[in-house]
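The values are calculated or read from the model by the stated rules, or taken from the named source; none is laboratory data. Remember, it's a predicted structure, so these values are computed and weren't measured experimentally. In this analysis, Cβ positions are derived from the backbone assuming ideal geometry, glycine residues included, and neighbour counts consider all displayed protein chains. Only protein heavy atoms, including side chains, enter the accessible area calculation; ligands, DNA and RNA are left aside. Shrake-Rupley method; radii C 1.70, N 1.55, O 1.52, S 1.80 Å.
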Amino acid sequence: MDMRVTPRRAPLPAGARAHPLVLPDQLLDAWLELMPERQAHTTRAVHQAVMAASPLLVPSLKWGNLVYLNNGRPFLSLTPHRNATQLQLVHAAAGPRRAPKRVLRGPDPRTLRFRHSQPIDHTMLVEALRAVLRQFIK
């Protein structure tokens, strides 16, 4: 028999480009709904700060984490944990020299840890991220 085993994909509309790693908003919302409320709240707040700091970064879901791509390469990784959410520079030589208030350094100087029990100052975090991202994104 001459039958296709896999179904054909529908063609994309003219001018549209799709990338399999791009994370649509609905998938991000579904991923956050799987988390406990405190964890999802912190992760969403840090995600919004990253997107406000640099809209050029493309969010995607890789390795069970929210990964932000710069020119198709992993640049930042947002990892939710039980007690905190960590934001890590994936392929950078050095991280931020000073962490913003109420943000604890993680196990690595390239990592920022945000505890679920502490509020996040959105404007201060956006400014701190912009300062760091200016060094690496040209």
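Out of the residues in segment 60-98 that are open to solvent by less than 50 Å² (accessible area, probe 1.4 Å) and assigned to a loop (DSSP other than H, G, I, E, B), state the one that is modelled with the highest pLDDT.
Restricting attention to segment 60-98, the residues satisfying the condition of being open to solvent by less than 50 Å² (accessible area, probe 1.4 Å) are 60, 62, 65-70, 74-80, 84-87, 89-90, 92, 95-96.
If we keep only those that are assigned to a loop (DSSP other than H, G, I, E, B) too, we end up with 90, 92, 95-96.
Working: Val90: 81, Ala92: 53, Gly95: 46, Pro96: 48.
Once the filter is applied, the top-ranked residue is Val90.
Just wondering, is there one or more residues in segment 99-108 that are in contact with a helix residue (DSSP H, G or I) (Cβ under 9 Å, 6 or more places away or on another chain), modelled with pLDDT of 90 or more and either over 23 Å from Ile137 (Cα atoms) or assigned to a strand (DSSP E or B) (or both)? Walk me through how you get there before you give the answer.
Of all residues in segment 99-108, those in contact with a helix residue (DSSP H, G or I) (Cβ under 9 Å, 6 or more places away or on another chain) come to 99-103.
Still in the list and also modelled with pLDDT of 90 or more: none.
Within segment 99-108, not a single residue is in contact with a helix residue (DSSP H, G or I) (Cβ under 9 Å, 6 or more places away or on another chain), modelled with pLDDT of 90 or more and either over 23 Å from Ile137 (Cα atoms) or assigned to a strand (DSSP E or B) (or both).
Please work out which residue is nearest to Phe114 (Cα to Cα), limiting yourself to segment 42-59 and to residues that are under 11 Å from the mean Cα position of the chain (by Cα) and open to solvent by 50 Å² or more (accessible area, probe 1.4 Å).
Checked segment 42-59; the qualifying residue nearest to Phe114 (Cα to Cα) is Arg44.
Inside segment 11-59, can you point out the residues that are at positive phi and at pLDDT 80 or above? Give the steps one after another, and end with the answer.
Step one: filter segment 11-59 for residues at positive phi, giving 15.
Selection gives nothing.
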